[in-house]
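Everything below concerns the one structure shown next.
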Amino acid sequence: MTPAILFDSVRSAQTKPGETCAIRRVGRRWRLLATLGVLLLVIAAGSGEAEAANLRTGFSEMLFRSNDPTVRADAFARAASIGTDFARITINWRASAPTEPADRRNPSAYYLAGTDAAVRESAASGVPLVLTISSSPEWAEQPGREDYDFPMQDGAWSPDPAAFADFIFALGTRYSGEFPDPRNPGQNLPKVSFWQIWNEANHGHFFAPQWDHGQGRSPNLYRALLNASYAELKALDPNNTVIVGGTAPYGDPTDGWRMRPLVWWRRLLCVDINLQPITDRCKKATFDVIDHHPIGPDAPPSQHALDHDDLRVADMPKLRNLLRAGERYHTVGGPARHQIWATEIWWETNPPDPNRGIPSDRQAAYLAETLYRLAESGVVAVFNYQLSDEDGPDTEVIQGGIYDVDGVPKPSRRVFAFPFWAERKTNSQIELWAVAPDFGRLIFERRSQDGWRPIATRPATRNTISTLRLKARGEAVVRARLDTLIAPRVTVEPSG
């Protein structure tokens, strides 16, 4: 049973609409330290240092690149108000280059005004961008699409790696921090450091073909895109971070529309089902970060996928073990130790969705537990999809934001502002887990008849994870506090 997650009436990591959250109260000092934290993340991803005991959060959100400046600025402001570490948007290659440019490596040869605006807003808000590049123009698709039977979106068919590499070079140059801003003479466009190559390349809707008469095609096709992109981005700046496109959580049997994610990852990382190296005709993939979307909107985060090779939140240790085997056997390139991200998770709420939604307090509990379980699995960055609910019919949009469509915060907003979780580990012990939202003293507290009693104190820096084992056989109501910021409290049931 999922422990109850509740909210105190005293001051917490929550703001009224239009207010600046206390997490941001230190102004320039916070931004300087937050920037340092992101730079350390870049260095760790690129240098092979061991993963730190921290967790960063972000949002995958279309509003970050809205054509409406007010909507776009408001989205970044909401994200910044809770100390968000990343904003993820997609660059549609197909829309950026409907016809083949005369010079494909020219940063000015593509339609990128919308991306420029998001990059500027990102820099102004202090929330770094992650750019996910996908969707091939028709002129860059390789032959064979007419023989493929499965449905797919425009731009999914077998992109030409050389053309894609040219586009990546153009993007990396434009957002290098040294390219003139076409809207602001005398200024340069801000730098982008986080680059994700495609989206859900194990799903035939987004990347095809997946199979060819029992032979897996998509991992090899994708590897060519990834390696070409890595070479271009690192040549421009060795501190650029290259992220494998997040994989979809579920797949089909051989020759189906989707490849099961663990099957796809084994083929990409050149590691077999027994965690042994595949040396026969398996070319090394080179990257800094792997990414998976452990979405399970119809089940709690503790529930495993039905198929061994599908990956929900509870199955993420399998992907971690596979990656570490690839590092151990040197079947993957890049740093000696790679990071693991999860750039899409969500649970829809009711309201507004009466068919697929769950109560908003349960969404908050599921998200808190998800952050905990993913961090325990070695994940160092988790993104919710989305920041705000989409506006549209329930059956056509996803309504899993931490704000509703009118900008009213849901309980889950506080989960991302101050992640905290607790659960029973043995009959006599529970574990408390928290991610510090700021710098200061993190205090674990337990409620007694006389009120809240501190039980442990930890020095905290932003995004660091603190844990505590507490002896408790009976019911325990616990929470975390950092100065005046208070996380949602969690009730853990008695043992037995």
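The values are calculated or read from the model by the stated rules, or taken from the named source; none is laboratory data. Bear in mind that the values here come from a model prediction, so they are computed numbers and not experimental data. Heads up, the Cβs are rebuilt from the backbone with ideal geometry, glycines too, and the neighbour counts pull from every protein chain shown.
What to note about this one:
- Subset of region 253-262 [modelled with pLDDT of 95 or more and either surrounded by fewer than 24 Cβ atoms within 10 Å (Cβ to Cβ) or in contact with a Pro (Cβ under 7 Å, 6 or more places away or on another chain) (or both)]: 261, 262
- Look at (1) closer than 30 Å to residue 474 by Cα; (2) in contact with a strand residue (DSSP E or B) (Cβ under 8 Å, 6 or more places away or on another chain); (3) not in a strand (DSSP E or B) and you find that residue 407 fails only one, number (1).
- Residue selected from region 282-326 under the condition of a type in the set (Val, Ile, Thr) and closer than 17 Å to residue 201 by Cα, by the criterion surrounded by the most Cβ atoms within 10 Å (Cβ to Cβ): 290
- Hey, residue 156 at pLDDT below 95 and either basic (Lys, Arg) or buried (at least 22 other Cβ atoms within 10 Å of the Cβ) (or both) or not: yes
- Any hit, region 266-281, residues being touching an Asp or Glu at 6+ places or on another chain (Cβ under 8 Å), part of a helix (DSSP H, G or I), surrounded by 16 or more Cβ atoms within 10 Å (Cβ to Cβ) and touching a residue at least 24 places away in the same chain (Cβ under 8 Å): yes
- Sole residue being hydroxyl-bearing (Ser, Thr, Tyr), more than 28 Å from residue 394 (Cβ to Cβ), modelled with pLDDT of 95 or more and under 22 Å from the mean Cα position of the chain (by Cα), chosen from 349, 286, 331: 286
- Residues of region 336-365 classified as surrounded by fewer than 20 Cβ atoms within 10 Å (Cβ to Cβ) and closer than 30 Å to residue 282 by Cα, total: 2
- Counted residues, region 230-240 - those being surrounded by fewer than 20 Cβ atoms within 10 Å (Cβ to Cβ) and part of a helix (DSSP H, G or I): 4
- Residues satisfying the stated conditions in region 103-148, i.e. part of a helix (DSSP H, G or I), surrounded by fewer than 18 Cβ atoms within 10 Å (Cβ to Cβ) and touching a strand residue (DSSP E or B) at 6+ places or on another chain (Cβ under 7 Å): 145
- Put simply, of 375, 381 the only residue that is more than 15 Å from residue 75 (Cα to Cα) and assigned to a helix (DSSP H, G or I) is 375.
- Going through (1) among the polar types (S, T, N, Q); (2) in contact with a strand residue (DSSP E or B) (Cβ under 6 Å, 6 or more places away or on another chain); (3) not in a helix (DSSP H, G or I) one by one, residue 227 falls short only on (3).
- If you go through region 410-432 and keep only what is surrounded by fewer than 23 Cβ atoms within 10 Å (Cβ to Cβ) and in contact with a Ser or Thr (Cβ under 8 Å, 6 or more places away or on another chain), you end up with 410, 411, 424, 426, 427, 428, 431.
- Residues of region 302-316 satisfying the condition of being part of a loop (DSSP other than H, G, I, E, B) and over 16 Å from the mean Cα position of the chain (by Cα): 302, 303, 304, 305, 306, 307, 308, 309, 310
- Near pairs, Cβ below 6 angstrom, 6+ apart or cross-chain, from region 432-448 (under 12 Å from residue 487 (Cα atoms) and free of Cβ contacts under 8 Å to residues at least 40 places away in the same chain) to any residue that is aliphatic (A, V, I, L, M) and surrounded by fewer than 24 Cβ atoms within 10 Å (Cβ to Cβ): 444/455; 444/456; 444/468
- Matching residues, region 469-481, being in a strand (DSSP E or B) and farther than 17 Å from residue 437 by Cα: 469, 470, 471, 476, 477, 478
- Filter pass, residue 226 being aliphatic (A, V, I, L, M), more than 27 Å from residue 143 (Cα to Cα) and either surrounded by fewer than 23 Cβ atoms within 10 Å (Cβ to Cβ) or touching a residue at least 60 places away in the same chain (Cβ under 8 Å) (or both): no
- Test: residue in region 75-87 that is among the small types (Gly, Ala, Ser), in contact with a Pro (Cβ under 8 Å, 6 or more places away or on another chain) and part of a helix (DSSP H, G or I): no
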